[in-house]
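Worksheet: one structure, shown below.
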Amino acid sequence: MMRSPADRLPSESVDTGVIYCDDNLSRLAQFPRESVDLIYLDPPFFSNRQYEVIWGDEAEVRSFEDRWEGGIYHYVEWMKERVFEMNRVLKPTGSLYLHCDWHASHYLKVMLDEVFGDDRFQNELVWWYRGGGVSPRRFGRRHDTIFWYTKSGKWTFNVDPVRTAYSPSVMESLPSRYDKSYRGDRVYSGYRPNPLGKHPDDVWPIQPLMPSDTKERLGYPTQKPEALLDVIVQASTNPGDIVLDPFAGCGTAVVVAHRRKRQWIGIDISPTACNLMRRRLHKVGALDVRLVGMPTTLADLHALKPFEFQNWVVDRINGIQSNRKSGDMGVDGHTFFLHEPVQIKQSDSIGRNVIDNFETAVKRDGKKRGFVIAFSFGRGAHEEAARVRREGLDIQLVTVADLLDRLDEVQVRMGTTSPSGHLPGLEVLPMPEIDSKRRSADELIRSAKGAPPEPER
């Protein structure tokens, strides 16, 4: 049964316009019951492990280890405890859409039936697309699956905003004139077109993002097109309703929710992804985004794992990540405009040898200036920086405290933005560079544990 906007049920309130940097299980457990209208989740697929770690954040690496140990049944249980919390926070009139592919769809469907009840299953939606997936040994795999469940027997479904165009063959077979006041799709003699379009089916031919889609594409390898989320948001919410994405990634669902004048909440374990979402939302007019769970003190930053700390620094300076997470020849990133090398050290009392080695890296890059960022620098580091400056090479020493307390000044000094007002630098901040040859999650785990990389074959 559908509901109208005036038929909403009272529920506990929840903060919106917030991006939580956290494990979604612990964060969802803090949400009040029956507080959101729509949950869309695009969790890590049980498929190619190469896509599992997007940013290289240590939080993602730890989450990877927790999620995949034990195979498909462990993965489904990992998902089930999160879906249980999602069911709890969903309003009685709310909907959940779970996006997956063929590797785990059948297992996840059984799990969803257990949590929601098989009588709350509404549709198995097929997102069909052109592109890859063709093999000489089988039919082409060119679709993902989206399972739609509702919390109860009464839910929101707005069909008119998501109607689709009639096919030319159908239109040719219809009379040239029809009654525009007729609101249905079927008449006794056959089909009669609705002025707003055809009732949507459960197969959605929406093209994935292509390299040419520069306005929308961020380089995020599993990024979904806004057109796909637009159907879900419009069909299952009304203006002012609350949309939650607990695996928010690069933020497509929350951006679409904002465009459609819905309230929204995003959760992601990666600090880099959370910062990306904030910048993307800022570009569509969401200027009051709150980030919760991000590091804000020197103690927080000392406690971060190496990949998280490096990503935090590069994002903070509006920089560009190095394509290599190890063996980077002394360069961890570059400034945006001038592409000057940056080295990041998660330690105190940096000595002379670090500056001396970085001097070689800057020269190798063919630059005249570079930046070393650390918690503090010893006397030897300052003396070595002064020596190379006399020789025409400018190596600047930047403390982490500067990034916390004097960010505007540092960004201007590094040429990563110009002096501005609200949220400095966001107007020109580049999206993080994602290496097309990035290492697999297993390689990242070995590196995080200090193990040597596997030899190339």
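Points worth noting:
- Estimated at 0.36 nm per residue, the fully extended path between D101 and Y129 surpasses their Cα-Cα distance by 8.8 nm.
- Label sites at K154 and H302, each approximated as a point 7 angstrom past Cα along Cα to Cβ, lie 5.6 nm apart.
- Taking amide hydrogens as placed 1.01 Å from N in the peptide plane, the amide H of Y166 sits under 5 Å from those of K198, each at least 5 positions away in sequence or on another chain.
- On a per residue basis, region 257-390 carries 44 Å² of accessible surface, using protein heavy atoms and a 1.4 Å probe.
- Packing around the peptides 73-84, 368-379, taken as the average count of other Cβ atoms within 10 Å per residue, puts them in this order, highest first: 368-379, 73-84.
- The peptide list 17-27, 245-255, 92-102, 402-412, put in order of mean Cβ contacts within 10 Å with the highest first, becomes 245-255, 92-102, 17-27, 402-412.
- Stretching M171 away from A227 to a fully extended chain increases their span by 17.7 nm, per 0.36 nm per residue minus the current alpha-carbon distance.
- Here the simple spin-label model places points 7 Å from the Cα toward Cβ, and for E77 and H382 these points are separated by 5.7 nm.
- When you restrict to C-alpha pairs under 8 Å that are six or more residues apart and normalise by the size of region 213-283, the relative contact order lands at 29 percent.
- D356 versus R217: modelled label distance in nm, points set 7 Å from Cα along the beta carbon direction: 4.6
The values are calculated or read from the model by the stated rules, or taken from the named source; none is laboratory data. Predicted model only: the values in this text are computed from it and were never measured. Virtual Cβ from ideal backbone geometry, glycine too; neighbours counted across all protein chains shown. The accessibility values were calculated without ligands, DNA or RNA, using every heavy atom of the protein model including side chains. Shrake-Rupley method; radii C 1.70, N 1.55, O 1.52, S 1.80 Å.
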